[in-house]
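One structure below.
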Amino acid sequence: MLGRNAYKRLENWKNSKSKKALCIIGARQIGKTTLIEEFGKANYEYFVELNFVTDIDAHKIFDGDLNADTVIEGLTAYKMQRMEPGKTLIFLDEIQECPNARCAIKFLVEDGRFDYIESGSMLGVRYKEVRSYPVGFEEIFYMYPMSFEEYARANGVQDSTFALLEKCFKNGEAVPEAVHMTMLKLFYTYVVVGGMPAAVQVYVDSHDIGQVVQVQRDILELYRLDIARYAQGSEKIKIRAIFDSIPAQLDDKNRRFILNRLDEHARQNRYEDSFLWLSDAGVALPSYNVTEPTAPLQINEKRNLFKLFLNDTGLLCAACMKNVQFDILNGNLEVNMGGILENLFAQEIQCNGFSLHYFNSKKHGEIDFVVQNGTDIDLVEVKSGNDYRKHPAIIHISQVENWNFGRKIVFCKGNVERTEELEYMPWYMVMFYGPDRMPEQFIYRVDLTVLDKIDE
C-alpha cells in the first residue's frame, strides 16, 4: 500500500471532539477508496462500506424516510454486518450516485451512534441533484494525486533524507551534491510517472515506463467516459474538446488557453460552464491571470484569461503523443517549452494548499505563479533550462511602487542559493513550499475588565 499524507488528516478527524461526517472529494483514480478502506479497517473494530456504483440496490436504503433510525435499520438489513455504536465507521463511497444519502448525513451525524466518511469523484458536477446539503454536518476535504513527497517515499526515500532536505530549504543551505543529483533524477521520473497511485505502483514494482503509460492512457479514457456519462446534452462536446486540447494549449509558448483554437467563433460565456465542469470534476486545474499581484488575489482575477492544467503531470505526458518520456528521464525538461514542468508545479502548489494565479502584462512581463501566502504575495518562477538566472519579470515587478512581496522563488535544476533579492530552489523542493501554518493552539482573549467599571 502506498503511504498518503491524507492518512494523517483522517486520524485528526477521528480524534476530533465534535466530529462531523468527513466528505472526501477528488478526481477518479487518485486513491480515495483505498485510503479510506485502509484507514477504516485499521482504526475501527467494525467497518461497513457501501458503494453506490457496485451495490446497485444500495440507493433503496435512502428512498424513504431519511431519519436516522430508518436509514440505520435499512443499512443493517442490507449489509448484514455488526455495527456497534462508538466503534463503527460507515463509508459511503461514490455518494454522488445517491443524492438522498448526502441529504441523510445531517440526521445520521445528529444521531451520533456511528462515524461517517463520504467519498465521491463527481460531487462538484452533480451538486444540483442534492435537495438539501448537510451544512454544518460535513467536513470537506479535497484530495489530489500523490505529491512528489508521497512519490519519493513510495520509492524508498527515508525520513533522514527528508529532514536534511527540509533543513536546507528552510535555512537556504546547499544540498550535498550527491543527494541533489539523486533527487533530480527521481524528480525526472515523477514528471513522467505522475501521482496516480496505479501508475506509481506499477513503476515501483516494475520500473517499466511502457506499463506506466498504458495505465495512464486507461485513466485518460476513463475521464473521457465520465464526460460522456455525466455531462449534460451539448456540453459533452465542448467539455471533451477542451479536455483533449489541454496538452496542445500547454505546448504553446505562453500556455494561455485560447478558445478560438477550439472554434473560431467560440466565446468565453458559451464555454465557461464547460471549464468549470472539468475543474469541479477535479480533472483540470485553472490558473487565472490577475490585474495586479496584490492581495487579495481573487478580487484581481481576470476570469477570461487563464491557463488550464491537467490534474496530473504523468497523464499530461501520456496525452502529449510525442513520446516525451525518454527525453524527460534524461533530464531534458525543455522538450515543450516547459509546459509539462509548469503543469507539475500547478498540481503541487494546489495540493500544498494554495490557489492558482499568474501575472502577465506587456509592461512588466509574466510570472508563472503569483501565490497568496496569508497576507503576503509570493512570486514563483519555474525554469526548465540552464538559463534559470535570467528572470527580468521578477526584477521589474519587484521595483513597482506600492507592490510589496513576500518570497521570490525561482525553482530550477540548480542547488539551493539565496541572494539579496531571490531564492533559487531545486525543483524537488516544491514539496516544502506550503502555507504559513496557524499554531495548533491559538488562544486569544479580549480583556473586558474596563467595561465593568463603567457603572462605578
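The values are calculated or read from the model by the stated rules, or taken from the named source; none is laboratory data. Note that the structure is predicted; figures quoted are calculated from it, not measured. With ideal geometry, Cβ positions are generated from the backbone for all residues, glycine too; neighbour counts draw on all protein chains shown. These accessible areas exclude ligands, DNA and RNA; they are computed on the full protein's heavy atoms, side chains included. Shrake-Rupley method; radii C 1.70, N 1.55, O 1.52, S 1.80 Å.
It is to be established whether one or more residues within the stretch 30-43 are hydrophobic (A, V, I, L, M, F, W, C), in contact with a Cys (Cβ under 8 Å, 6 or more places away or on another chain) and not in a helix (DSSP H, G or I). No, because not a single residue in the stretch 30-43 is hydrophobic (A, V, I, L, M, F, W, C), in contact with a Cys (Cβ under 8 Å, 6 or more places away or on another chain) and not in a helix (DSSP H, G or I).
Residue 69: open to solvent by 40 Å² or more (accessible area, probe 1.4 Å) and modelled with pLDDT under 95, yes or no?
no
Do we find that residue 366 is within 19 Å of residue 249 (Cβ to Cβ), in contact (Cβ under 8 Å) with a residue 40 or more places away in the chain and open to solvent by 40 Å² or more (accessible area, probe 1.4 Å) in this structure? Yes: the conditions hold for residue 366. Among residues of the stretch 37-57 that are touching a residue at least 40 places away in the same chain (Cβ under 8 Å), those with a beta-carbon under 7 Å from a residue that is among the aliphatic types (A, V, I, L, M) and assigned to a strand (DSSP E or B) at least six positions away or on a different chain give the pairs 40/89; 44/89; 47/89; 48/90; 50/92.
Among 409, 395, 377, 349, which is the only one that is open to solvent by 40 Å² or more (accessible area, probe 1.4 Å), aliphatic (A, V, I, L, M) and outside any loop (DSSP other than H, G, I, E, B)?
When all the criteria are applied, what remains is 395.
Of all residues in the stretch 8-45 being acidic (Asp, Glu) and more than 16 Å from residue 119 (Cβ to Cβ), which is surrounded by the fewest Cβ atoms within 10 Å (Cβ to Cβ)?
My answer is 45.
Listed by position, the strands (runs of 3 or more DSSP E) contained in the stretch 82-185 that have at least 1 residues being surrounded by fewer than 14 Cβ atoms within 10 Å (Cβ to Cβ) and under 27 Å from the mean Cα position of the chain (by Cα) are 138-142.
Cβ-Cβ distances below 6 Å connect the following pairs, each with a first residue in the stretch 414-432 that is within 16 Å of residue 190 (Cα to Cα) and in contact (Cβ under 8 Å) with a residue 40 or more places away in the chain, a second residue that is among the charged types (D, E, K, R) and open to solvent by less than 10 Å² (accessible area, probe 1.4 Å), and a separation of six or more residues or different chains: 430/348.
Residues in the stretch 242-260 that are in a helix (DSSP H, G or I), open to solvent by less than 40 Å² (accessible area, probe 1.4 Å) and closer than 14 Å to residue 284 by Cβ: 7 in all.
With open to solvent by 40 Å² or more (accessible area, probe 1.4 Å), within 26 Å of residue 5 (Cα to Cα) and in a loop (DSSP other than H, G, I, E, B) as the only criterion, which of 447, 387, 436 stands out?
Sole residue among the options that is open to solvent by 40 Å² or more (accessible area, probe 1.4 Å), within 26 Å of residue 5 (Cα to Cα) and in a loop (DSSP other than H, G, I, E, B): 436.
Where residues in the stretch 305-324 are open to solvent by less than 10 Å² (accessible area, probe 1.4 Å) and of a type outside the set (A, V, I, L, M, F, W, C), which of them is nearest to residue 283 (Cα to Cα)? Residue satisfying both the conditions and the ranking: 311.
Residues that are assigned to a helix (DSSP H, G or I) and in contact with a Ser or Thr (Cβ under 8 Å, 6 or more places away or on another chain) within the stretch 294-341 comprise 297, 298, 300, 329, 340, 341, listed in sequence order.
Any residue in the stretch 107-127 that is of a type in the set (Gly, Ala, Ser) and farther than 30 Å from residue 310 by Cα?
Taking every residue of the stretch 107-127 in turn, at least one turns out to be of a type in the set (Gly, Ala, Ser) and farther than 30 Å from residue 310 by Cα.
Residue count for the stretch 186-236 under the criterion of being assigned to a loop (DSSP other than H, G, I, E, B) and open to solvent by 40 Å² or more (accessible area, probe 1.4 Å): the result is 5. Of these, 414, 374, 365, which one is over 18 Å from residue 290 (Cα atoms) and out of contact with any Ser or Thr (no Cβ under 8 Å at 6 or more places or on another chain)? Exactly one residue qualifies, and that residue is 414.
If the condition is being among the hydrophobic types (A, V, I, L, M, F, W, C) and over 13 Å from residue 183 (Cβ atoms), then the stretch 412-439 contributes 412, 422, 438.
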